[in-house]
Structures are given as C-alpha cells and as structure tokens.
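For reference, the structure discussed in these notes is given below.
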Amino acid sequence: MASLSVKPGQRFTVPDWQNNSLLISADAEQQRYNSHHIRQEGRALRNETGNQARWDEHNTRTRLNDRITSVDRWREALARCLTDIDLEIDALTKVKEAAENALQAKNLCLDVAIECLTFRESRRDIDVVRDPVEEELLKEVKVIEKAKKELQQRVDDAFKQLCLLKEARQQLNCDHRHKLETLELDRQCVSFNVTSGNISFKVNPTRIPDGTTALREWELNSQCNKDRAEAEMKASVDLRGAITLSIAQTNNELDAQRIATEFALRKRIRDMEGALSELRWQERNTLEEIAEMEEEIRQLEEDIRKRTLDLKVAHTRLETRTYRPHVELCRDQAQYGLTDEVQQLEGTIRALQQKRTESQDALDALYRQLHRIQTDIGYKTNSLQLDNKCMDTRRKLVIPVEKFEPEVDAVNRTRNLPRNSQLEL
C-alpha cells in the first residue's frame, strides 16, 4: 500500500500567510510613497536650480554688460583726451618752431649791430667819441641778447613741456589700449553660452590672479591719467600764450632802456677804494700788533730763561743739602722753603710756557690774518686797476684793432668780449 510523503520543513499558518501578504502590500505602498516624495523633491530641486542658474547667468550677463558700458565710457573719454593732447602737441610744436624761427631771426639783427660796432671801432682821432649812435647800437645789442636769452628759455620750456605731454600721451595710449583689450575679452565672455564650442572646465577658476586691483584703484588710475593729461594740456596752453607774448615783446622791444653801467662802475670804484683804505688801516694795525706780540714773546722767553736759572739754583741747593752728615740731615725750615720754591718755580715756568704757547698761536693767527689782508689787498688792488682801466676805456672808447678784433661766433652768434689782459691800451 502506497504511503503519503510529507515534505520536511517549517509549516506556516494561514494567518502567517495573510500577514506576509499584508506586509508586502504595506511595504510596496511605503516604497511608492517614498519614491513619489523623492520625485516631487527632485522636480522642485530641478525647477529651483534651473531658475537660480538662469537668474545667475542673467545677472552675470547684466553685470558684464554694465562693465562693458563703464569701460567703454572710459575708453571714449581717453580717446577724446588722446585727440585733444595730439592737437595740443601739434599746436605747441608749431609755437616752438615759431619761437625757434624768431630766435634765428634775431641772429641777423645781432650780426648787423655787431658789424656796425666793428666798423665804428676803426674811427680815429677826434671822431672816436661816444655818440648817441654808438649808445643806441650798444643798447640794441643788449636788447637782442636779452631777447635771444628769453626766447631760448621759452624754447627750452616748450621742449620740456612737449616731453611731459608725450609722456602723458603714452600713459593715456597705454590705458586706452588696455581698455580695448578688456572690452574685447568681456564681449567674448558675454557671447559664451552652453552651446559654445570653446567652453571647458578650468583649474581653480575662482582664484585671485596676481596684480589684481580694486575697482576704486582702477577708476583712480584712469582718472589720474586723464587729470594729468588735462593738467599738462592746460600748462601747455599757458606756455603757448607766454611764448606768443614773448615773441611779440621781443619783436617790439628793440629800443629798451639803457643800463647805467658807468654809474655802477664809478660806485664800485669808490667802494673798492674805501675797502682798500680800511684794509690798509687793518694791515698797519696788524703789523703793529705783530711787533708788540713778538716783543711780548721775547719778554716771556727771557722770563722763562730767568726762572729756569732760579730753578737750577734751587735744585742745586736741595741736592747739596742731601749730603749733610748724620743727624744734620734734617727737614728744617730751609728745606721746606727750598721745596716750596721749587714747586713755585716749576708752576711759574709752566704758566710762562703756556702763555708763550698762547702768544705764539696768537702771533701765528696774526700772521695768517695779515697774509689774508695782504692777499685781499692784492685782489682788490687788481680789481680797482681793472675797474679804472674799464673807466678809462669807457671814457676814451678806444679798442685798438691789433689787440682786439671782434669776431662773430657762427654757432652762438655772440660777441667775443676782450679779456682782462686785452683791456690794456
């Protein structure tokens, strides 16, 4: 008879089976709920991040456009300033050339005046007089030389101002070029989008590069460049006006006031004679004081010699008394007196020697002062002789052709004035 085989293992009850089904259903419901919640959160996050990204990109693009506008506004201001400074450089260059032409034009006038003076130096006998013509010619030469000096100074000032203008222009040009490069880069940044082919991840893109400046510093740099260029242009305008005025004045001031050289020369001679009298009086007094000081030094040396002999006597007495026998070798009043005498004489000799040293130093100082006075007298005597020769020359107005022949320097266009040795007639 066949038997029923029973599979060994655990046997669940119907409630267990029902509970298991309910648990599976409950877990499925929970998992679907969780999945639905996560889907909702993901959708909200996608919406939020998408909107935030779009707003951030919009704000960045707006900021870039604003920055482009700001940089472009400065570029236009610098460009206008560059145009103005170029015009000012051209205007100052023309004025400088006009001043150089005016300076060159003065050479012909100077050559004519010097030639006239050279011709008139050949006058002889009674015709050699200081007449109004010669005075006018001399005044003309002085006026022309003064005008040349002033125009040369103006030309130098114009050259320096041109250098400053070109330096300011170079800074403006550099700033303008940098702003053009910045505009090109920022416009390129504005053109980037998600479909651009040259976008990629970069290494540490949020780093602060070396040399980064603050916005305020950037604005101050451009403002300083612009302000400096405007200041230099203003100075150039003022200088152009001064140069134009100088050209007009030098062209109109050919008959200027004659300098009173002769009066100043006479006054200088009087002052020199007074100084020489004072120096000669000082020389005489110094010589007298030197003689008295030398006599005083001789007296001091004589006193030193006498006190030295007295000291020798006192030393000899003290030494001789050291040979007294036995108990006689006592310190009596004579011994004390000799000792005091020696000390007194030594002090006296030191004081006399010190005074002789001081007197000798004073004598040396007197000799140095005398040498200084005599040297100054020589200088002033020579100056007085030269001034007297100048006065004689101005009175006679005779400069021999064989000793001095005026020459015109083709470069400096100035007269070769006679030296001191050439002033003698």
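A few remarks follow.
- Criterion applied to 329, 265, 276, 309 was being modelled with pLDDT of 90 or more and over 30 Å from residue 101 (Cα atoms), and the one residue passing it is 309.
- Within region 38-96, tally of residues that are touching a residue at least 40 places away in the same chain (Cβ under 8 Å) and either polar (S, T, N, Q) or open to solvent by 60 Å² or more (accessible area, probe 1.4 Å) (or both): 5
- Scanning region 109-117 for any residue that is small (Gly, Ala, Ser), modelled with pLDDT of 70 or more and assigned to a helix (DSSP H, G or I) turns up nothing.
Residues checked against (1) at pLDDT 85 or above; (2) basic (Lys, Arg); (3) open to solvent by 50 Å² or more (accessible area, probe 1.4 Å):
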| site | (1), (2), (3) |
| --- | --- |
| 345 | yes, no, no |
| 364 | yes, no, yes |
| 374 | yes, no, yes |
| 382 | no, no, yes |
| 388 | no, no, yes |
| 391 | no, no, no |
| 396 | no, yes, yes |
| 413 | no, yes, yes |
| 421 | no, no, yes |
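Matching residues to (1) closer than 16 Å to residue 366 by Cα; (2) surrounded by 15 or more Cβ atoms within 10 Å (Cβ to Cβ); (3) more than 60 Å from the chain's Cα centre (by Cα):
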residue: 290; (1), (2), (3): yes, yes, no
residue: 294; (1), (2), (3): yes, no, no
residue: 311; (1), (2), (3): no, yes, yes
residue: 314; (1), (2), (3): no, yes, yes
residue: 318; (1), (2), (3): no, yes, yes
residue: 324; (1), (2), (3): no, no, yes
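- Subset of region 275-288 (residues that are open to solvent by 80 Å² or more (accessible area, probe 1.4 Å) and among the hydrophobic types (A, V, I, L, M, F, W, C)): 281, 287
- Selection of region 347-362 for residues being closer than 22 Å to residue 310 by Cβ and either open to solvent by 60 Å² or more (accessible area, probe 1.4 Å) or without any contact (Cβ under 8 Å) to a residue 60 or more places away in the chain (or both) yields 347, 348, 349, 350, 351, 352, 353, 354, 355, 356, 357.
- Considering region 300-327, and only residues there that are basic (Lys, Arg) and part of a helix (DSSP H, G or I), the residue that is nearest to residue 356 (Cα to Cα) turns out to be 305.
- Candidates 53, 98, 79, 91, filtered to the one that is small (Gly, Ala, Ser) and under 15 Å from residue 166 (Cβ atoms): 91
- Any chance residue 93 is polar (S, T, N, Q), modelled with pLDDT of 90 or more and within 30 Å of residue 151 (Cβ to Cβ): yes
- Within the option set 185, 180, 172, 151, being open to solvent by less than 60 Å² (accessible area, probe 1.4 Å), part of a helix (DSSP H, G or I), at pLDDT 85 or above and within 28 Å of residue 227 (Cβ to Cβ) holds for one residue only, 172.
- Selection status of residue 133, buried (at least 16 other Cβ atoms within 10 Å of the Cβ), modelled with pLDDT under 90, out of contact with any Lys or Arg (no Cβ under 6 Å at 6 or more places or on another chain) and not charged (D, E, K, R): no
- Residue match in region 46-60 (condition: part of a helix (DSSP H, G or I), within 30 Å of residue 223 (Cα to Cα) and under 41 Å from the mean Cα position of the chain (by Cα)): no
The values are calculated or read from the model by the stated rules, or taken from the named source; none is laboratory data. On a predicted model such as this, the values are computed, not experimentally measured, just so you know. Here the Cβ is made from the backbone with ideal geometry for all residues, glycine too, and neighbour counts use every protein chain on show. Keep in mind that these areas ignore ligands, DNA and RNA; they rest on the heavy atoms of the full protein, side chains included. Shrake-Rupley method; radii C 1.70, N 1.55, O 1.52, S 1.80 Å.
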